[in-house]
1. Hey, among the residues in segment 20-35 that are modelled with pLDDT under 95 and touching a Lys or Arg at 6+ places or on another chain (Cβ under 8 Å), which one's surrounded by the fewest Cβ atoms within 10 Å (Cβ to Cβ)?
2. Looking at Ser111, is it modelled with pLDDT under 95 and closer than 19 Å to Pro20 by Cα?
3. Given the conditions (1) farther than 27 Å from Gly197 by Cα; (2) charged (D, E, K, R); (3) open to solvent by 60 Å² or more (accessible area, probe 1.4 Å), and given that Glu51 satisfies all but one, which numbered condition is not satisfied?
4. Considering only segment 19-63, state which residues are in contact with an Asp or Glu (Cβ under 8 Å, 6 or more places away or on another chain) and over 18 Å from Glu97 (Cβ atoms).
5. Quick one: Asn165 ticks every box in (1) modelled with pLDDT under 95; (2) open to solvent by 40 Å² or more (accessible area, probe 1.4 Å) bar one, so which box is it?
6. So which residues in segment 143-185 are of a type in the set (D, E, K, R) and touching a strand residue (DSSP E or B) at 6+ places or on another chain (Cβ under 7 Å)?
7. Considering only segment 54-95, state which residues are surrounded by 16 or more Cβ atoms within 10 Å (Cβ to Cβ), within 15 Å of the chain's Cα centre (by Cα) and either aromatic (Phe, Trp, Tyr) or in a strand (DSSP E or B) (or both).
8. So, of the residues in segment 96-137 that are aromatic (Phe, Trp, Tyr) and in a strand (DSSP E or B), which turns out to be surrounded by the most Cβ atoms within 10 Å (Cβ to Cβ)?
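The values are calculated or read from the model by the stated rules, or taken from the named source; none is laboratory data. Since we're looking at a predicted model, the values are computed, not measured. All Cβ positions, even for glycine, are placed from backbone atoms using ideal geometry, and neighbour counts span all protein chains on display. Only protein heavy atoms, including side chains, enter the accessible area calculation; ligands, DNA and RNA are left aside. Shrake-Rupley method; radii C 1.70, N 1.55, O 1.52, S 1.80 Å.
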Amino acid sequence: AQQNYGVSLNTDINSFQSCPNDIVRYKVNIVNIGEFSNSFELDVAEHGLSERITLSENTVDLDKGESRIVYLYVNSPIDSGDYFFSLNARSLYGDQEQNLDFILRVNPCYSYKLDVTNNAFSLCERTYLEVPINLENQGSVINSYEAFLEGPVWARLENTALVLNSGEEKLFRLGLAPDYGASGNYTATLTLVPERGNLNAYTDFNIAVRPC
């Protein structure tokens, strides 16, 4: 009879918040509520989490009334938002099954904005120009940023390391000081690398130097 077989799934917490790429662990208690020993196959319906979920075990053998803790490990996606998935347990004997739903909210912890009002310049040799660059930490956590510039030797960053609290903005500058004989067209590439998160920013500056 079907009532001789059964499985129960329960958890203390089925909803977590995380930052992108964090590993989150969900704890589930599986109980054999049938009258006989049984084996239970576990699988996950991932709903957009592709292959980011790992089970601590895929098959559980339980005597009557026995329980076991299993874990789901979720590698949080890069994109922020709410993600839904469920764990399914199906008994080998009696064909009984149970589902348990979970939620993962990924916060935009590491979002930022690099704003350059102008990236094309024309200037004379032996002159100096400062280019303002604005950086805003739009994420929910404090973050550090390292700035790298690739280009002519007379193009230099005023500051190459910045620390911003959540919601904070800071201005730093690119200084252009071409010397005599430097006339021509140049490209300087700014790369911004955050300490937390894996989204680098790139900006090209096109610089025309005239003899005047």
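1. Here the residue is Glu35.
2. Criteria met by Ser111.
3. (1)
4. Listed by number, the residues that qualify are Pro20, Lys27, Arg52, Ile53.
5. Condition not satisfied by Asn165: (1).
6. First, the residues of segment 143-185 that are of a type in the set (D, E, K, R): 146, 150, 156, 158, 168-170, 173, 179.
Across segment 143-185, the qualifying residues are Glu146, Glu150, Arg156, Glu158, Glu168, Glu169, Lys170, Arg173.
7. Val74, Asn75, Tyr83
8. Start the filter on segment 96-137 by keeping residues that are aromatic (Phe, Trp, Tyr), which leaves 102, 110, 112, 121, 128.
Filter again for in a strand (DSSP E or B), leaving 102, 112, 121.
On the way: Phe102: 22, Tyr112: 19, Phe121: 16.
Here the residue is Phe102.
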